[in-house]
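These notes are about the structure you will find just below.
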Amino acid sequence: TLGTTMKQSFFLSALLLPFFLSGQNLPIGHRSMTYNDPARNNRAVNFEVYYPGASAGDNVNFANGEFPLIVLGHGFAMGVSSYQNWWEEFVPYGYIMALPTTEGSLLPAPSHSDFGLDLKFLATKIRSEASNGSSPYYQHVTDRAAIMGHSMGGGATILGSANYADVDCIVGLAPAETNPSSAIAAAVNVTAPALILSGNADGVTPPNDHHIPIYNGLGSDCKYFVSIANGSHCYFANYNFNCAFGEMIPGSLSRTDQLNLSYALVHPWFDYFLKDDCDAWTDFEDAVANQTNIASSNSD
C-alpha cells in the first residue's frame, strides 16, 4: 500500500528546478502513419510519429543512428497536439515518440482496452520495422521501448503493458482507472519498471481513486510513485479546452513548473532504462534528493 509499505514514494511540495541535460539537439522530423494490426482483424492504428531527423520537417529522413521508442497515449477527448511539449522535450535528445490518434472521440465512447492494445501494438510494430529495408525506420530503431500515457492514456498504458514482456519501462501521468477493463485490476500483470506521476490537487482523477490504487496494484519489482504538491491533472500536457473544462479549478502549481518537474524525473528514467545510461539513475535520485521540502517513504 502507499506509504511505508510502498516500493518507493516521493512527495514533492515545491517546484523542482528544470532538469538540464548535456545531450543532443537533434532536429524533429514528423510523419503521419497507419499500421494495421492483423491480430485484431487488421484494425487500422493511425498515429503521428516524431523522430530525430536529418533536418526538421514532415517526411524527412532520419538522423544517422538508432534511437529508442516512446509510445504516448493521449487523454480522453484530448488530441495528440496537446502533447507537443513532450515530443519537443524528448525527440531532440535522441528518442522516437509515436502518438496514436485512435479512440479520440467523445461519442462513441472510446474503448480503453483497444487503446491499450494500440499502444502495445505500436511498441512492437515500430521496433520490428528496424529490419524492414523498405521502412523509414530501417536501421533507426533500437530494441528498447517505453509506453507512457496521460489520464485515459495512462490507464491504457497499464492495460497495454499487462502481460507484455517486451516493454522496457512505463510512465503513467495521472493515470485513470479504465472500464470495463480495469487498469487497477490489470496492474498486477505489469512487470516493467513503472513511474507514476500524480498531482495531489488533481480535479479529474483523484489520486486516492485512480493513481494510488493503480500504483499499489503494480506487479513491478521496480516502481516509483511521485506526488506533486498542488499539481493538477491537466498540467501534464499543454492547454486543452476539454481537459480544462473538466478541471475548472487546477492546483496552484503552474503548468510550467509541473512540466519542468516531470521532465526532471522522466529524462533520467528513460535514459536509464532505454539507453543503458547507468549515471542516469544517480541523476534520477539527485533530481529528488537535492530539492527542498521533499519527504520520501521507502520499503524493500
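Evaluating 6.51 cos²θ - 1.76 cosθ + 1.60 at θ = phi - 60° for every residue in region 212-220, the Karplus couplings come out as 5, x, 4, 4, 4, x, 4, x, 5 Hz, glycine and proline recorded as x.
Taking every DSSP bridge with both residues inside the chain, close to 40 percent are antiparallel. Applying D = kT/(6 pi eta Rh) to the chain, where Rh is the Kirkwood radius over alpha-carbon pairs, T corresponds to 4 °C and eta to 1.567 mPa s, the Stokes-Einstein value obtained is 68 µm²/s.
The gain in end-to-end length when the Thr101 to Asn64 segment is fully stretched comes to 10.6 nm, 0.36 nm per residue minus the alpha carbon separation. Seen from Arg127, the other residues with C-beta closer than 14 Å to its C-beta sum to a net charge of -2, counting Lys and Arg as +1 and Asp and Glu as -1. Applying a 4.7 Å cutoff between beta carbons, the unpaired cysteines of the chain are Cys169, Cys222, Cys278.
Model label sites at Ala289 and Phe241, defined 7 Å from Cα along the beta-carbon direction, differ in position by 4.8 nm.
The alpha carbons of region 94-148 occupy a box of 40, 22, 17 Å along the principal axes, longest dimension given first. Counting only protein heavy atoms and a probe of 1.4 Å, the accessible surface of region 118-249 is 50% carbon and sulfur.
Please label the shape of region 223-276 as rounded, prolate or oblate, based on the square roots a ≥ b ≥ c of the eigenvalues of the alpha-carbon gyration tensor (a/c under 1.5 means rounded; beyond that, a/b larger than b/c means prolate, else oblate). Prolate. When the helices of the chain are scored as -39500 (n - 2.57) per DSSP H run of n ≥ 4 and the total is divided over every residue, the value at 222 nm lands at -8000 deg cm²/dmol. A simple packing score, the average count of other Cβ atoms within 10 Å per residue, orders the peptides 180-190, 228-238 as 228-238, 180-190, with the highest score first. Once backbone amide H atoms are built at 1.01 Å from N, Val60 has His30 as its partners under 5 Å, excluding neighbours fewer than 5 places away on the same chain. Taken per residue, the accessible surface of the chain reaches 40 Å², heavy atoms only and a 1.4 Å probe. Database remark: amide H of Val204 closer than 5 angstrom to the amide H of His233 (H placed geometrically; neighbours at sequence offset of 5 or more, or on other chains; Pro and chain starts carry no H). Amide H contacts of Ile196: Gly172, Tyr224, Phe225, Val226, each under 5 Å away and 5 or more positions distant or on a separate chain (H built 1.01 Å from N in the peptide plane; Pro and chain starts excluded).
Comparing Cα centroids, region 72-109 and region 163-199 end up 17 angstrom apart. Under the combined filter of DSSP loop state and at most 14 neighbouring Cβ atoms within 10 Å, region 74-164 retains these chymotrypsin sites (Phe, Trp or Tyr not before Pro): Tyr138.
Using alpha carbons only, the radius of gyration of region 179-300 set against its Kirkwood radius gives Rg/Rh = 0.97.
With the largest listed first and rounded to whole Å, the semi-axes of the equivalent ellipsoid of region 93-212 from the Cα gyration tensor are 26, 15, 13.
Taking a Cβ cut-off of under 13 Å around Gly172, the surrounding Lys, Arg, Asp and Glu residues balance to a net charge of -1, with basic ones at +1 and acidic ones at -1. Neighbours of Val45, meaning other residues whose beta-carbon lies under 12 angstrom from its beta-carbon, give a summed charge of -1 when Lys and Arg score +1 and Asp and Glu score -1.
The values are calculated or read from the model by the stated rules, or taken from the named source; none is laboratory data. All figures in this text were calculated on a predicted structure; none of them were measured in a lab. Please note: Cβ atoms are built from the backbone with ideal geometry, for glycine as well, and neighbour counts cover all protein chains shown. The protein model used for the area step is the full one, side chains on, heavy atoms only, and it has no ligands, DNA or RNA in it. Shrake-Rupley method; radii C 1.70, N 1.55, O 1.52, S 1.80 Å.
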